[in-house]
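> Take this structure, written in structure tokens, and hold onto it; I'll ask about it next.
The values are calculated or read from the model by the stated rules, or taken from the named source; none is laboratory data. Note that this is a predicted model, so its numbers are computed, not measured. Positions of Cβ are generated from backbone atoms using ideal geometry, with glycine treated the same way; all protein chains shown enter the neighbour counts.
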Amino acid sequence: MTVPSRFDIYVLVHKALRAAMAHTLTAAGRLDWHDDADAVAVLAQVRALLALARTHLAKENEFLHRALEARRPGSSAAAAHDHAQHEESLAALEELAARIESAPGATRTADAGRLYRALALFVAENFEHMHHEETELNAVLWAAYTDDELRAIHDALAASVDPQQMAEVVRWMVPNIAPAERALMLDDMQRKAPAEVFSRVLDLVRPALSARDWDRLMKALAPLPAVA
Ligand SMILES: [Fe+2]
């Protein structure tokens, strides 16, 4: 029996987050923290990741937890508890990043080790948390909402994200999702966004795609041939 697939509100943004987290953590691990230019670049990347995680968490609280509680009271409790812990971790990581930035020499090395380990734990907790959302919370959402309702929640959430943060999400998302997901996502964007905005998105993602993936995407987005 074929199980009909449902609209998955988490899958694409979580792929973006997993990619951003893995990339940033490994960048922090291979860095020479004594090199000021490298340290500044990776600290900026860490800060961008923390901002992305903070926005994501706030939007899930505002849109998804509200939807879960509206139809299945109590169903978001475990995820809300995780989110409260993530807020504390984010504040601690931001403080550590600021301390490293202002500390020269040997002190920076010790704090950089702390930052790397704290970031690794934060990533580990988030990976487990996202699994809970994609399995247990999706099951609740699918039982309580139709796909059309879930798409409406998704679109309202996406419309509420400020353009700079959305560009950051798109930058991580597009290269790190499957070709079929990428084609669907950009086809949808091509239909809904102004042409110049869509063109900027393509400029943003092209350098991050392999020649083969870019080619596949262009074929998927090509306009349908006119019917004679
Ligand atoms: Fe979450």
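> What helices (runs of 4 or more DSSP H), lying completely within the stretch 158-228, carry at least 3 residues that are touching a residue at least 60 places away in the same chain (Cβ under 8 Å) and surrounded by 12 or more Cβ atoms within 10 Å (Cβ to Cβ)?
Values: elements: 163-173, 179-192, 195-205, 211-221.
Fully inside the stretch 158-228 and qualifying: 163-173.
> I'd like to know if the stretch 96-118 contains one or more residues that are of a type outside the set (Phe, Trp, Tyr), within 30 Å of residue 138 (Cβ to Cβ) and outside any loop (DSSP other than H, G, I, E, B). Walk me through it before giving the result.
Filtering the stretch 96-118 for residues of a type outside the set (Phe, Trp, Tyr) gives 96-115, 117-118.
Imposing the further condition that a residue be within 30 Å of residue 138 (Cβ to Cβ) reduces the set to 118.
When the remaining residues are screened for being outside any loop (DSSP other than H, G, I, E, B), the result is 118.
Yes: one or more hits.
> If you don't mind, another one. Tell me, please, whether a residue that is touching a Leu at 6+ places or on another chain (Cβ under 9 Å) and over 30 Å from residue 35 (Cβ atoms) can be found in the stretch 117-133.
Yes; the residues of the stretch 117-133 include at least one that is touching a Leu at 6+ places or on another chain (Cβ under 9 Å) and over 30 Å from residue 35 (Cβ atoms).
> While we're here: Between a residue in the stretch 78-101 that is among the basic types (Lys, Arg) and at pLDDT below 95 and any residue that is more than 11 Å from the ligand (Cβ to nearest atom) and assigned to a helix (DSSP H, G or I), which pairs come within a Cβ distance under 7 Å, given they are 6 or more apart or on different chains?
99/111
> While we're here: The conditions are (1) surrounded by fewer than 19 Cβ atoms within 10 Å (Cβ to Cβ); (2) at pLDDT below 95; (3) of a type outside the set (Gly, Ala, Ser), and residue 33 fails exactly one of them. Which is it?
All conditions pass for residue 33, except number (1).
> A further question follows. Only residues that are among the small types (Gly, Ala, Ser) and within 13 Å of the ligand (Cβ to nearest atom): list them for the stretch 89-107, please.
First pass over the stretch 89-107, keeping only residues among the small types (Gly, Ala, Ser): 89, 91-92, 97-98, 102-103, 105-106.
Across the stretch 89-107, the qualifying residue is only 89.
> Further question on the same structure: Restricting attention to the stretch 108-140, which residues are closer than 17 Å to residue 61 by Cα and either within 13 Å of the ligand (Cβ to nearest atom) or charged (D, E, K, R) (or both)?
Step one: list which residues in the stretch 108-140 are closer than 17 Å to residue 61 by Cα, which gives 126, 129-134, 136-138, 140.
Correct list: 126, 129, 130, 131, 132, 133, 134, 136, 137, 138.
> For the stretch 72-88, indicate whether the set of residues that are more than 14 Å from the ligand (Cβ to nearest atom) and touching a Ser or Thr at 6+ places or on another chain (Cβ under 7 Å) is non-empty. Talk me through it step by step, then tell me what you get.
Start the filter on the stretch 72-88 by keeping residues that are more than 14 Å from the ligand (Cβ to nearest atom), which leaves 72-74, 88.
Then drop every residue that is not touching a Ser or Thr at 6+ places or on another chain (Cβ under 7 Å), which leaves none.
No, that holds for no residue.
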